[in-house]
Amino acid sequence: MGLKRICGWIIRKKAIGRVVIIEVSSDRVKPYVVVLKEEREPELYAVGKELDVGTALCFEGEEAQEQKSVRGIEYVARKIEVYAKPIEPLPVDTMGKVPALLDTRIKYRWLLVRNPVEKAIFRVRSAMLAAAREYLSSNGFTEVQTPKIVAAGAEGGATLFRVQYFENEAYLSQSPQLFKQMLMAGFTRVYEITPYFRAEKYNTTRHLNESWGIDVEQGFINSLEDVLNTLENLVAYIIDYVSRNNAEELEVLGVNLRKPSTPFKRLRFQEAVDILRSEGIEVSDTEDLSDQAEKKLGEIMAEKGHDLYFIVGFPWSSTGFYYMREENGVYTRKFDLDYRGLEIASGGQREHRYERLVEALREKGLNPASFDFYLEAFKYGMPPHGGFGLGVERLLMRMLGLENVREAILFVRDRVRLVP
Ligand code: ATP
Ligand code: AMO
């Protein structure tokens, strides 16, 4: 066993007779439980008795022979060093016994990460990204970084945040889309873990104004299937990785995760429309599925045993300019990946032929001149390629059964939040 030094914050203190029990939150999800007995360690007992919840300390000790606490790992301390005492009582319950409203949780997230549930969520988030990096790098993808201050948006003008860039108008990047495609001029596989900045007009449980994506692009593809394979294997790998490495987090959160089986079900967009119509849901042939339609489809697919499923072949009228169109021109090679009725990723095969791309920009009412920097990359040997953006918060939300996307990001940027 041996002596160990552990640092953290007191989240609970209990005095029973001549024993003081303090629970210390550190980087593990379960607290360290330090039992101080007047009889056994009178000096430490005297120190411990005076400490308040919120104190930052380190202790040296060893795991107790007999583990009696159900809440954490019991330690016998040999030394306690106090680093900082709270100057006011804490505004929230860091032990996690008293549930806080979402608004309070968001405001005090930096303090509540002392509590096992909040800590567990963000440790799983960290593991998700580690898993993604592990999967992608071991499959030959190069991690890249692209600019976040840009001259043109990839996902339409409506959700762009403007910034003054010296004498020019610029925007915050909505998506690394254009840049990851440009890199297909010299890499065959890239990925980026990146923020998306979007001035979403709606206040929903699944939209943030600053969110994160795992963005992938791969070249020399034979068909869209190559891209779908990458995404389903990536998602299955992430879920499996978390289920193997984060047992303690999942236990605290009461979540039972199992690796989904691959391949995921592929549904044509038109099939999805037909299914929904047969259930009496009104859906358009030319527009993206509504929030309600997405949810309903999730229920129908769950009944058939599909938690995760692709919707492939969105109509051209509903997509960005960069997706490859099918021969008939009506449908595209754009897909979504939905997880229990929530879109968690979107992607497709791109138009890599220069003339067609210019035509597509015009058809979407965009000025090709504003995209010169992007179009140039298609002049010198651009292979067929495709990719996707996988929403980190949305995937985490579904994996852990969270109700609001705001629970899946440490510092929330939404319509009403610019601090902390
Ligand atoms: P993407 O990431 O491709 O933008 P998404 O999942 O973010 O997809 P949106 O495309 O932004 O979803 O929204 C889907 C549709 O739902 C849009 O037509 C949008 O107008 C509508 N919508 C979203 N939130 C609300 C809301 N709170 N009230 C009404 N309509 C909404
Ligand atoms: P899309 O716009 O669908 O596609 O974004 C990809 C994924 O990112 C997540 N996401 C968001 N999550 C929270 N709040 C938001 N405001 C938000 N916006 C997007 C979703 C979504 O599925 N360029 C394409 C990707 C590609 O084709 O490669 C794109 O950005 O989970």
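The numbers here are math on the coordinates, done by the rules we state, and not lab data. Computed from a predicted structure; not experimentally measured. Positions of Cβ are backbone-derived with ideal geometry, glycine not excepted, and every protein chain shown enters the neighbour counts.
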(request) Would you mind counting up the charge near Arg362? Only other residues with Cβ under 13 Å from its Cβ, with Lys and Arg at +1 and Asp and Glu at -1. (result) -2
(request) Check cross-link reach from Lys296 to the aspartates and glutamates: straight Cα distance under 13 Å, and skip same-chain residues fewer than eight apart. (result) Asp274, Glu279, Glu282, Asp307, Asp338, Glu343
(message) Quick one: 3J(HN,Hα) in Hz for the stretch 120-127, Karplus 6.51/-1.76/1.60 with θ = phi - 60°, rounded, Gly and Pro as x.
(response) 4, 4, 7, 6, 5, 4, 4, 5
(request) Provide the three semi-axes, in whole Å and in decreasing order, of the ellipsoid equivalent to the stretch 1-151 as defined by the square roots of 5 times the Cα gyration tensor eigenvalues. (result) 36, 20, 14
(request) State, to one decimal in nm², a quarter of the convex hull surface area for the C-alpha atoms of the chain, i.e. the direction-averaged projected area. (result) 24.6 nm²
(message) From the convex hull of the Cα coordinates of the stretch 91-196, what is the mean projected area in square nanometres?
(response) 10.0 nm²
(request) Search the structure for amide H atoms under 5 Å from the amide H of Arg12, placed 1.01 Å from N in the peptide plane, and list their residues when 5 or more places away or on another chain. (result) Glu23
(request) Distance check, please: which entries in Lys148/Lys334; Lys4/Lys68; Lys259/Lys334 exceed 22 angstrom between their Cα atoms? (result) Lys148/Lys334; Lys259/Lys334
(request) Would you kindly derive the ³J(HN,Hα) couplings of the stretch 152-159 from the backbone phi angles with the Karplus curve 6.51 cos²θ - 1.76 cosθ + 1.60 (θ = phi - 60°), listing them in order in whole Hz, with x for Gly and Pro? (result) 9, x, 9, 10, x, x, 4, 10
(request) In whole angstrom, note down how far apart the Cα centers of the stretch 141-210 and the stretch 303-357 are. (result) 19 Å
(message) Quick query: amide H of Ser69 versus all other amide H atoms, modeled in the peptide plane; which residues come in under 5 Å with a sequence gap of 5 or more or a different chain?
(response) Glu74
(request) Estimate the FRET efficiency between Ser284 and Lys4 by the formula 1/(1 + (r/R0)^6), using the beta-carbon distance for r and 51 Å for R0, to the nearest 0.05. (result) 0.25
(request) For the stretch 277-420, just say rounded, prolate or oblate: build the C-alpha gyration tensor, square-root its eigenvalues into a ≥ b ≥ c, call rounded for a/c under 1.5, and beyond that prolate if a/b exceeds b/c, oblate if not. (result) oblate
(message) Calculate the FRET efficiency for Ala185 and Arg268 from the Cβ-Cβ distance with a Förster distance of 30 Å, rounded to the nearest 0.05.
(response) 0.45
(request) With runs of 4+ DSSP H residues as the only contributors, calculate the mean residue ellipticity of the chain at 222 nm using -39,500 (n - 2.57) per run, divided by the residue total and rounded to the nearest 500. (result) -8500 deg cm²/dmol
(message) Taking θ = phi - 60°, what integer Hz values does the Karplus form 6.51 cos²θ - 1.76 cosθ + 1.60 yield along the stretch 165-179, in sequence order, with x for Gly and Pro?
(response) 10, 6, 8, 10, 8, 10, 9, 7, 5, 7, 5, x, 2, 5, 6
